[in-house]
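This report concerns only the one structure given below.
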């Protein structure tokens, strides 16, 4: 079909415009309830940001913006790096271990995400069985608590690794 | 104004001209409203390819490399200056488009969504796990080290843990490199620009098939497709892949309908972009080529037609091979485990993939809104009322793309229906929207609407 010339302004054109406005309003508004998949998606992906545009635009620092998106998945790697000693090689726990204490998935336990968050660090992934023995620092998580432990410290490393092993096996 | 804004504008302008000149060099006289958005997308692809070739030649990645490779990509098509001049002659003619009041309302709404999408892609850092573990991680260190084969592929902490994420999306990765070189270290602003160009292209295509009001409303439905809307500002490879793939299909259909062989070359460039943006796409392009082959041969004759079809396949294979074979074997110190993920075809597994795809992905209105059901309804009604399909080629493309996705889900163990195939649907949704607009039912409605609007008796 070739596009045809249309009158720019007519009463019928106004009627069609009113119709378009009505359709768009119903489409993105809450009027059709659960039967309208566009409304909730539009609210979550567009309207939410429009409502918070001013307050979000006041937060300009990149660290803050990354934190808003990734929360503990940023904070934990940052904390770990701040506690690493020069000769440490850290064993990243299996994700299931982190998941126990986090509302979202513990993506930080993946070495690629850990690197994305804090750059290259001396870490060994839990799945890297060949290099696991090189690790000499370990992450211990408890409710609202995180610390690094090393051989000879207060935490029994063998018990910790057993927990890692059990949870990692659930994957 | 910060320095990254003019640099971004300059880069986009360069890419836009690259695309315009590349389409011009084919000699295809595209409708201007289709040409403008398509050119920017094709220009992005050609620029990323040119920068990649520079890297393969040993030139470190830097802002200068990006600019020089962009200028080179822009100038190469000008070798066919006469074709470019002839093809783009109408570019600066006065626009004939006279917007009506409802056009303004629809533009206003789309403009608002576009503004929010650009804002979100600029404001938020990269979020999806796949992108952080792959595209953006590789891009960050490629921009820092000046080479794609960076520390990501050699550092002991990541060895054996790379999986397939860093390997399957050269286009998105190189676009992220460009954004970082321009001065946007964490954003994904190009993603929203791709989305807006694709929306524009779809809108222009729909307007050529249906009354502008119907085209506008279908464009709105397409833009607001729940699952796709989020990916118009979130870094993933699927939206760009879908844009290139759908443009390839639409241009191939147009070239056949208009009997314009040059359009087939444009579609070949778009399909090459699709294969450059996702690894499994050559399979889908092969199926599309096979579906269109009888029509291509009928319209262009056996020799030219076969050359066209093989050209489409050759360009797609070339971009696929450049990254997946040449670069992996000659440059990267590690290889993805793609071959390990291949399994032999199993009919019962295929049936299971089809069934799971239908129940958990395809039939979901939460993911695709009303498009799928609208498409099915329109096709059924068209078939019953008119006893024929108005767009058989396009419907064939939809069917073979489904088939291709099911095959991918069957033979690749890593292709999970709820993730890979779900985002693979992005390639089908725009084709469905175009097929709806081109249906006999919508065509009749458009004719009636034109008459009613003008006060004529239909």
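The values are calculated or read from the model by the stated rules, or taken from the named source; none is laboratory data. This structure is a prediction, so every number in the text was calculated from the model and none was measured. Because the Cβ atoms are built from the backbone with ideal geometry, glycine has one as well, and the counts that use them run over all protein chains shown.
Checked against the criterion of being surrounded by fewer than 19 Cβ atoms within 10 Å (Cβ to Cβ), free of Cβ contacts under 8 Å to residues at least 60 places away in the same chain and assigned to a helix (DSSP H, G or I), the candidates B:68, B:59 yield just one match: B:68. Being within 23 Å of residue B:152 (Cα to Cα) and out of contact with any helix residue (DSSP H, G or I) (no Cβ under 7 Å at 6 or more places or on another chain): is that true of residue A:132 here? When the stated conditions are applied, residue A:132 passes them. For segment B:268-280, residues that are over 11 Å from the mean Cα position of the chain (by Cα) and free of Cβ contacts under 8 Å to residues at least 60 places away in the same chain total 1. Filtered by the rule that a residue be free of Cβ contacts under 8 Å to residues at least 60 places away in the same chain, more than 19 Å from residue B:162 (Cβ to Cβ) and assigned to a loop (DSSP other than H, G, I, E, B), segment A:86-104 gives A:86, A:87, A:89, A:101, A:102, A:103, A:104. Look at segment B:93-121: where a residue is under 18 Å from residue B:449 (Cα atoms) and a partner is in a loop (DSSP other than H, G, I, E, B), sitting 6+ places away or on another chain with Cβ atoms under 7 Å, you get B:98/A:8; B:100/A:6; B:100/A:8; B:101/A:9. Answer yes or no: is there a residue in segment B:74-86 that is facing chain A (nearest Cβ under 9 Å) and either in a helix (DSSP H, G or I) or surrounded by 19 or more Cβ atoms within 10 Å (Cβ to Cβ) (or both). No, there is no match, as no residue in segment B:74-86 is facing chain A (nearest Cβ under 9 Å) and either in a helix (DSSP H, G or I) or surrounded by 19 or more Cβ atoms within 10 Å (Cβ to Cβ) (or both). In summary, residue B:128 fulfils each of the numbered conditions (1) closer than 14 Å to residue A:116 by Cα; (2) crowded, with 19+ Cβ neighbours inside 10 Å with the single exception of condition (2). Scanning for something surrounded by fewer than 16 Cβ atoms within 10 Å (Cβ to Cβ), in contact with a helix residue (DSSP H, G or I) (Cβ under 7 Å, 6 or more places away or on another chain) and away from every other protein chain (no Cβ under 13 Å), does segment B:415-438 turn up at least one residue? Yes, segment B:415-438 contains a residue that is surrounded by fewer than 16 Cβ atoms within 10 Å (Cβ to Cβ), in contact with a helix residue (DSSP H, G or I) (Cβ under 7 Å, 6 or more places away or on another chain) and away from every other protein chain (no Cβ under 13 Å).
Considering every residue within segment B:144-153, establish whether at least one is facing chain A (nearest Cβ under 9 Å) and either in contact (Cβ under 8 Å) with a residue 40 or more places away in the chain or within 30 Å of residue A:129 (Cα to Cα) (or both). Steps first, please.
The first filter runs over segment B:144-153 and keeps only residues facing chain A (nearest Cβ under 9 Å), leaving B:151-152.
If we keep only those that are either in contact (Cβ under 8 Å) with a residue 40 or more places away in the chain or within 30 Å of residue A:129 (Cα to Cα) (or both) as well, we get B:151-152.
Scanning segment B:144-153 turns up at least one residue that is facing chain A (nearest Cβ under 9 Å) and either in contact (Cβ under 8 Å) with a residue 40 or more places away in the chain or within 30 Å of residue A:129 (Cα to Cα) (or both).
Report whether or not residue B:230 is free of Cβ contacts under 8 Å to residues at least 40 places away in the same chain and within 14 Å of chain A (Cβ to nearest Cβ).
The answer is yes for residue B:230.
Assess whether residue A:88 counts as being over 20 Å from the mean Cα position of the chain (by Cα) and not assigned by TED's automatic domain parsing to the domain that holds residue A:143. Considered against the rule, which asks whether it is over 20 Å from the mean Cα position of the chain (by Cα) and not assigned by TED's automatic domain parsing to the domain that holds residue A:143, residue A:88 comes out as no.
Against the definition (without any contact (Cβ under 8 Å) to a residue 60 or more places away in the chain and either surrounded by 20 or more Cβ atoms within 10 Å (Cβ to Cβ) or in contact with a strand residue (DSSP E or B) (Cβ under 9 Å, 6 or more places away or on another chain) (or both)), how does residue B:398 come out, yes or no? Steps first, please.
Numbers: without any contact (Cβ under 8 Å) to a residue 60 or more places away in the chain: yes; either surrounded by 20 or more Cβ atoms within 10 Å (Cβ to Cβ) or in contact with a strand residue (DSSP E or B) (Cβ under 9 Å, 6 or more places away or on another chain) (or both): yes.
When the stated conditions are applied, residue B:398 passes them.
The condition of being under 17 Å from the mean Cα position of the chain (by Cα), within 30 Å of residue B:374 (Cβ to Cβ) and assigned to a helix (DSSP H, G or I) does not hold for residue A:69.
Got at least one residue in segment B:325-338 being over 22 Å from the mean Cα position of the chain (by Cα), assigned to a helix (DSSP H, G or I), modelled with pLDDT under 95 and farther than 19 Å from residue B:56 by Cα? Looking through segment B:325-338, at least one residue is over 22 Å from the mean Cα position of the chain (by Cα), assigned to a helix (DSSP H, G or I), modelled with pLDDT under 95 and farther than 19 Å from residue B:56 by Cα. Residues in segment A:115-140 that are at the interface with another protein chain (Cβ under 9 Å from one of its Cβ atoms), crowded, with 20+ Cβ neighbours inside 10 Å and in contact with a strand residue (DSSP E or B) (Cβ under 7 Å, 6 or more places away or on another chain): A:123, A:124.
Say whether the condition of being closer than 21 Å to residue B:323 by Cα and part of a loop (DSSP other than H, G, I, E, B) is met by at least one residue in segment B:165-176. Looking for residues that are closer than 21 Å to residue B:323 by Cα and part of a loop (DSSP other than H, G, I, E, B), one finds at least one in segment B:165-176, hence yes. The single condition among (1) assigned to a helix (DSSP H, G or I); (2) free of Cβ contacts under 8 Å to residues at least 12 places away in the same chain; (3) within 13 Å of chain B (Cβ to nearest Cβ) that residue A:108 does not satisfy is (2). Filtered by the rule that a residue be in a helix (DSSP H, G or I) and either under 20 Å from residue B:132 (Cα atoms) or away from chain A (no Cβ under 14 Å) (or both), segment B:180-195 gives B:180, B:181, B:182, B:189, B:190, B:191, B:192, B:193, B:194.
Looking at segment A:25-55, which of its residues are facing chain B (nearest Cβ under 8 Å) and buried (at least 18 other Cβ atoms within 10 Å of the Cβ)? A:27, A:28, A:37, A:38, A:41, A:42, A:45, A:46, listed by residue number.
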